[in-house]
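Novice: Shown below is the structure under consideration.
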Amino acid sequence: MQVSLERTGGFTGISKKISVDTNTLPLQVAEELSQLVEAADFFQLPEQIMSDNSQCDRFHYKLTVEDHGQQHSVITSEAALTHTLKTLVEWLNQAAKST
């Protein structure tokens, strides 16, 4: 499974890209990422999840997951992150710091 995250916006406007391939991760870590994607029911999410309350200087995220021939992308604002998507974004950010 390949999971990528692109973050744009924010106060400084600096974009950040993270890409993780479970084939290159230790088995336990790869399983943890797979469980986070599954918990978010990622492939069933709409392509856009936005908040009615748009705020300046907030992040926007584009998450893309490729797994077993399927690919799905979700664009969401920081204000509209569900708990499960927020957990996935935080995990990806932490993984990027670890490498």
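Each value in this text was obtained by applying a stated rule to the coordinates, not by laboratory testing. These numbers come from a predicted model, not from an experiment. Neighbour counts are summed over all protein chains in view; Cβ atoms, including those assigned to glycine, are modelled from backbone coordinates with ideal geometry.
Novice: Using modelled amide H (1.01 Å from N, peptide plane; none on Pro or chain starts), what sits under 5 Å from the amide H of R58, excluding residues fewer than 5 places away?
Specialist: Here G10 satisfy the definition.
Novice: Okay, which of the range 1-21 sit inside 12 Å, backbone N to the point 7 Å along the Cα-Cβ direction of D67?
Specialist: Only 1-4 fall inside the zone, counting backbone N under 12 Å.
Novice: Right, next: Check L81: other-chain or 5+ apart residues with amide H under 5 Å from its amide H, H built from backbone geometry?
Specialist: none
Novice: If you line up the long axis of helix 27-39 against the longest principal axis of the chain, both from Cα atoms, how many degrees apart are they, to the nearest 10?
Specialist: 50 degrees
Novice: Under a plain spin-label model, where a point goes 7 Å from the Cα along Cα-to-Cβ, how far apart in nm are D52 and K97?
Specialist: A separation of 3.5 nm, rounded to one decimal place.
Novice: Of all GluC sites (Glu not before Pro) in the range 1-98, which ones are in loop regions per DSSP and have a Cβ with at most 16 other Cβ atoms within 10 Å?
Specialist: Loop-located and lightly packed - E47.
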